[in-house]
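The next block holds one structure in the form of structure tokens; read it before the comments.
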Amino acid sequence: MPVIRLDSIGSTSEYLKQDWQDFEDMTFVVADSQSSGHGRYDRVWESQPGKNLLFSLIIKNPLLLNKAQRLSALTAVCIRRCLTYFGIKHVSIKWPNDIYIKDKKVCGILLESQLPNYVIIGVGINVNQRKFECPTATSVCKHRILPTDLALFTDIVLRQLESDLIILQYRDNSIEDYRANNYLKGKDIEYEINNQKHFGKVLDINENNELIVINELGVSALNSGEVKLIHK
Ligand code: BTN
């Protein structure tokens, strides 16, 4: 797998997007720092230089692009598993694809696509940063006694993700793992569709990565493109 390592860049995802034709399928870009890292809803992704894992990956393989709706769940499941390899407990996936340790976010995942050409998966994992402006953010180092070697951690995450994506071409093992580690399962949530607020209790997720919610209107399947969670 080609891996491009950069000291600093605007955004690893924008870097791949700009010259997407030039990059081989499954090229990873890792950066020590980003000056305009972004997340969902154009939120800023803050990260102290050299402390965390920031990377993006471009996928062009048609077999995987045909399964684009599974890529975000698979990435979340893969990263959750990597965190558990490092001895971290209570790691779950907050739909659609945030990784939580207990009740705080340790990782954000952003998928951007231009089908049928590419999907870019951008991942930010807080590893050795101790202080955050955001009160609901956490990091790996706050949950491990031993210090975390960022180079080793990076290597494990990149290799595991590559291998899980290769397997995804033929079969998908991620759904049961996601179901078993669904942070929102059983919780009451508030969400917004077309500027209208709704409430519901989360039952599960389905194979299209939709959140299954029950309320007075019955059972509905929420699509992450249409729904914004207001809070858990
Ligand atoms: C989110 O939680 O909303 C997703 C955050 C994704 C952040 C990562 S950091 C590496 C890559 N480059 C970006 O600009 N964003 C993603």
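The values are calculated or read from the model by the stated rules, or taken from the named source; none is laboratory data. Bear in mind the structure is a predicted one, so any value in this text is a computation, not a measurement. FYI the Cβ positions are ideal-geometry reconstructions off the backbone, even for glycines, and counts take in every protein chain you see.
Scanning for something of a type in the set (G, A, S), within 16 Å of the ligand (Cβ to nearest atom) and closer than 18 Å to I88 by Cα, does segment 109-128 turn up at least one residue? For segment 109-128, residues of a type in the set (G, A, S), within 16 Å of the ligand (Cβ to nearest atom) and closer than 18 Å to I88 by Cα: present. When N215, N206 are checked against the criterion of being farther than 20 Å from R40 by Cβ, in contact with a His (Cβ under 7 Å, 6 or more places away or on another chain) and either without any contact (Cβ under 8 Å) to a residue 60 or more places away in the chain or buried (at least 17 other Cβ atoms within 10 Å of the Cβ) (or both), a single residue qualifies: N215.
When segment 1-14 is filtered for residues that are within 15 Å of the ligand (Cβ to nearest atom), loosely packed, with under 15 Cβ neighbours inside 10 Å, more than 17 Å from W45 (Cβ to Cβ) and of a type outside the set (D, E), only R5 remains.
The residue of segment 38-55 that is farthest from the chain's Cα centre (by Cα), among those that are more than 7 Å from the ligand (Cβ to nearest atom) and under 21 Å from Q160 (Cα atoms), is K51. Looking across S139, S174, one residue alone is over 21 Å from A68 (Cβ atoms), surrounded by 15 or more Cβ atoms within 10 Å (Cβ to Cβ) and either over 18 Å from the mean Cα position of the chain (by Cα) or in contact (Cβ under 8 Å) with a residue 60 or more places away in the chain (or both). It is S139.
One line per residue, one yes/no per condition, for (1) under 22 Å from I167 (Cα atoms); (2) at pLDDT 95 or above; (3) within 10 Å of the ligand (Cβ to nearest atom):
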{"residue": "L16", "(1), (2), (3)": "no, yes, yes"}
{"residue": "D22", "(1), (2), (3)": "no, yes, no"}
{"residue": "V30", "(1), (2), (3)": "no, yes, yes"}
{"residue": "S36", "(1), (2), (3)": "no, yes, yes"}
{"residue": "L57", "(1), (2), (3)": "yes, yes, yes"}
{"residue": "A68", "(1), (2), (3)": "yes, no, no"}
{"residue": "A76", "(1), (2), (3)": "yes, yes, no"}
{"residue": "I79", "(1), (2), (3)": "yes, yes, no"}
{"residue": "V91", "(1), (2), (3)": "no, yes, no"}
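For (1) among the small types (G, A, S); (2) buried (at least 23 other Cβ atoms within 10 Å of the Cβ), each residue gets a yes or a no:
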{"position": "D32", "(1), (2)": "no, no"}
{"position": "S36", "(1), (2)": "yes, no"}
{"position": "N52", "(1), (2)": "no, yes"}
{"position": "A76", "(1), (2)": "yes, yes"}
{"position": "K89", "(1), (2)": "no, no"}
{"position": "K104", "(1), (2)": "no, no"}
{"position": "L111", "(1), (2)": "no, no"}
{"position": "G122", "(1), (2)": "yes, yes"}
